[in-house]
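No value in this document is a laboratory result; all are computed from the given coordinates. This one's a predicted model, so the numbers in the text were calculated from it and none came from an experiment. Cβ coordinates were reconstructed from backbone atoms using ideal geometry, including for glycine residues, and neighbour counts include every protein chain displayed.
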Amino acid sequence: MSEDIKKIHPYLPTLVNQLRAGKVDRREFLRTSTLLGLSATAAYTLAGCDEKQEEQQSSTTEEAPAATTTTTETQQAAAPTDNVIRIGMRVPALEDPATFSWVYDSNVTRQVCDYLTRTGVDNVTRPWLLEKWEASPDLKTWTLTLKKGIKWSNGDELVADHAIWNLTRWLDEKVGSSVVGLMKGYMLTEYDTGQKDDAGNPKMGTKLWADNAIEKVDDYTIRLNCKEAQLAVPEHLFHYPALILHPSENGKFGVNAIGTGAFTLTELEVGKKAVLKKRDGYWGKAPAVDSIEFIDLGDDPAASVSALASKQIQGLYEASVSQFAALQKMDHITIYQVSTGQTAVARMQPIHDTWKDPRVRKAMRLAIDSEKVLQAAHLGLGSPGEHHHVCPIHPEYAKLDFMKQDIEGAKKLLADAGMPNGFETEIFCKKDPDWEPQAVQVMAEMWKQIGVNVKINVLPSDQYWEIWNVETAPFAFTTWTHRPLGVMVLGLAYRTGVPWNESFYSNPKFDETLTRAEGILDVEERRKVMVELEQIMQEDGPIVQPLWRAVFTGMDKRIQGFQIHPTYYLFCEEWSLTA
């Protein structure tokens with residue numbers, strides 16, 4: 001067996017030995033071995049566990065107790081007889097999937113267009129449109145092989161040219177895709193544009209680091225020739241804006257868009273609903289439901305609860321803490337819950353005078369009692385944040401001394417920074433879900449203790465989306481979803497010059513250390529580098545991170561096949577509806 005798996009990748013025998021010696025846990029073994037090209041079935045066999053059973057256990061459920069009271073609406077409502085599943089979820093404009101910034105954008109498009117890979121609820125990434133991938137021993141060459149015979153909804157066969165068009169477009173700086181945040185370190189290089197910024201410094205752009213960085217081998221094979229070693233290419237290919245679009249539509253998406261997925265988008269009303277119908281000719285298992293409808297119920301959590309209670313909808317994309325008790329009282333609902341790397345950060349933009357001094361940024365962190373924020377804003381469902389945006393569930397997470405509240409230490413830092421009396425500022429946040437403004441309110445009371453008075457500007461979600469990553473919002477509270485790896489989060493959010501760097505943070509030492517970590521396959525060695533990154537974030541970084549969320553939702557018991565994904569991804573072709 002050792003020689004057989006060595007042919008797939010030379011590191012695999014070492015990984016097996018580490019598993020048997022207890023140096024890596026089963027979850028990390030599954031993730032890394034499949035990343036290196038071992039099939040999920042073989043990986044689960046070597047790990048001594050059942051693939052289907054393990055995947056199901058990754059998505060926990062909680063049966064709601066029988067309701068003590070029943071609303072009039074529930075008494076009057078009859079179970080729907082059509083083969084349609086309706087889900088309460090925001091329905092935004094869906095113009096260019098490569099630039100999506102929110103998961104629910106992709107949850108509509110995901111039913112129409114596929115990804116090259118798919119990361120399941122067990123955090124294991126598998127081929128999807130790909131048949132397989134192979135990594136070179138130095139992790140600098142990744143060979144991607146497409147499944148043959150996959151047809152687009154217009155009858156074309158999926159070929160390498162289509163995948164290459166998408167890969168190239170994601171990395172085009174003119175598009176502005178957040179995929180750049182993941183791939184910049186190994187696929188791109190910077191160049192001087194010949195222009196100057198307001199301070200007279202050269203404006204830098206990005207481009208593919210070499211002419212053959214993305215190489216067509218044949219009609220079904222693509223090779224990525226990387227500038228640096230990279231351990232997570234398959235997982236990057238499932239970043240939610242990395243949807244594979246038909247090149248003829250030039251990156252645009254809408255009603256009747258061409259796709260390889262199980263459904264066709266037949267109706268879209270922004271802020272109201274999106275309707276998807278199953279299509280003939282899907283390459284995978286035909287979906288069991290005729291239609292999926294996403295219904296936008298706005299920012300009011302009570303509206304979603306009412307619609308679920310009256311069976312106007314059969315499930316929620318996500319539930320908020322204020323809805324938890326109501327969901328428990330609905331006897332037709334199952335509550336699904338999962339621990340995740342979902343969080344929110346109060347990000348400070350160091351490009352503004354208030355936040356330029358790292359001592360001021362650290363003082364804002366030291367003012368926070370993370371445990372109290374978690375209890376007050378999220379019912380204690382999750383774990384306290386540590387202000388470095390690497391979660392305990394990430395395989396390379398390094399446990400540092402916990403950054404406890406230190407009011408006197410924070411005051412001293414402000415005094416050293418020339419602000420002994422504190423200062424006034426304004427923070428922007430979203431109205432929905434309601435735990436976000438609650439968390440900000442709790443933190444604002446804590447900041448008062450160090451002389452920082454924070455005015456809270458609560459915006460409707462659609463207005464917040466317009467300012468979350470712009471320079472005119474120096475201080476704001478933004479949610480970030482789960483990623484399988486800590487290095488993925490840090491690359492997306494804090495690498496210099498990438499589209500989702502909402503804080504405009506720039507630290508060359510951080511960038512260099514992150515690129516180094518991304519090329520280390522051995523999780524123990526990568527964790528050593530992660531110590532450096534986490535320390536940089538706590539000492540110099542641009543965020544206050546109060547909590548990690550345990551997320552949950554409610555689904556009608558008639559829905560079969562649903563599993564809650566740590567990133568709230570919906571795979572509707574897996575669902576069915578019982579009578």
By the C-alpha gyration tensor axes a ≥ b ≥ c (rounded if a/c is under 1.5, else prolate when a/b exceeds b/c, else oblate), the shape of segment 410-463 is prolate
Are there any trypsin sites (Lys or Arg not before Pro) in segment 379-457 that are in a DSSP loop and have at most 14 other Cβ atoms within 10 Å? List them by number. Lys399, Lys404
Work out, step by step, the length gained on full extension between Thr221 and Ser506: first 0.36 nm times the residue separation, then minus their alpha carbon distance; give nm to one decimal. 99.0 nm
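Please give the FRET efficiency for Lys399 paired with Glu134, using the beta carbon to beta carbon distance and R0 = 56 Å, rounded to the nearest 0.05. If you can, show how the numbers build up before the last one.
Values: r = 34 Å, r/R0 = 0.61.
Calculated value: 0.95.
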The summed charge of the Leu19 Cβ neighbourhood (under 12 Å; Lys/Arg +1, Asp/Glu -1) stands at +3
Which chymotrypsin sites (Phe, Trp or Tyr not before Pro) in segment 377-453 pass both tests, a DSSP loop state and at most 16 other beta-carbon atoms within 10 Å? Phe402
Among Trp170, Gln441, Gly341 - extreme Cα towards positive end, dipole of the chain, charges at beta-carbon: Gly341
Among Leu381, Thr14, Ala160 - extreme Cα towards positive end, dipole of the chain, charges at beta-carbon: Thr14
Relative packing of 125-136, 365-376, 148-159, which averages over residues the other C-beta atoms within 10 Å, highest first: 365-376, 125-136, 148-159
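R0 = 41 Å: FRET efficiency of Ala93 with Glu574, Cβ-based, nearest 0.05? Show your work: numbers first, answer last.
Numbers: r = 27 Å, r/R0 = 0.65.
For R0 = 41 Å, the calculated efficiency reads 0.95.
Report the local net charge at Thr354: Lys and Arg +1, Asp and Glu -1, summed over other residues whose C-beta lies under 11 Å from its C-beta.
Working: positive: Lys356, Arg361; negative: Asp353, Asp357, Glu424, Glu426.
Its environment carries a net charge of -2.
Work out the FRET efficiency for Lys285 and Lys412 from their Cβ-Cβ distance, taking R0 = 51 Å, and round it to the nearest 0.05. Before the final figure, lay out each step's value.
On the way: r = 62 Å, r/R0 = 1.21.
Efficiency at R0 = 51 Å is approximately 0.25.
So how strong a dipole does segment 456-524 carry about its Cα centre when Lys and Arg Cβ are +1 and Asp and Glu Cβ are -1, to the nearest 20 debye?
Numbers: 4 positive and 9 negative charges, 14 e Å.
Using only the charged Cβ atoms, the result is roughly 60 debye.
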In nm, to one decimal, how far is the Ala210 label point from the Arg26 one, both placed 7 Å along Cα→Cβ? 4.1
How about segment 266-318: which trypsin sites (Lys or Arg not before Pro) there are in a DSSP loop, with at most 11 other Cβ atoms within 10 Å of their Cβ? Lys285
Say a paramagnetic label sat at a point 7 Å from the Cα of Lys203, along Cα to Cβ; which residues of segment 149-184 have their backbone N under 13 Å from it? 174
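Once you have the Cα-Cα distance between Gln328 and Val270, take 0.36 nm times their residue separation minus that, and quote the gain in nm to one decimal. Kindly include the intermediate steps, with their values, before the conclusion.
Working: separation 58, 0.36 × 58 = 20.88 nm, distance 3.06 nm.
In short, 17.8 nm is gained.
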Membrane-span-like helices in the chain: DSSP H runs reaching 30 Å or more (Cα, own axis), mean Kyte hydropathy at least 0.0? none
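Given +1 on the Cβ of Lys and Arg, -1 on the Cβ of Asp and Glu, and no further charges, what dipole in debye does the chain carry about its Cα centre, rounded to the nearest 20?
It works out to roughly 520 debye.
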Show the residues, 5+ positions off or on another chain, whose built amide H is closer than 5 Å to the amide H of Gln314. Arg86, Ile87, Gly88
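Expressed in nm to one decimal, what extension gain is obtained for the pair Ser461 and Lys151 from 0.36 nm per residue of sequence separation less their Cα-Cα distance?
On the way: separation 310, 0.36 × 310 = 111.60 nm, distance 3.72 nm.
Between Ser461 and Lys151, full extension yields 107.9 nm more.
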Is the C-alpha gyration tensor of segment 445-568 telling us rounded, prolate or oblate? Criteria: a/c under 1.5 is rounded; beyond that, a/b larger than b/c is prolate, otherwise oblate. oblate
By the Cα gyration tensor axes a ≥ b ≥ c (a/c under 1.5 gives rounded; else a/b larger than b/c gives prolate, otherwise oblate), the shape of the chain is rounded
Taking only C-alpha pairs under 8 Å that are 6+ residues apart, what is the relative contact order of the chain in percent? 19
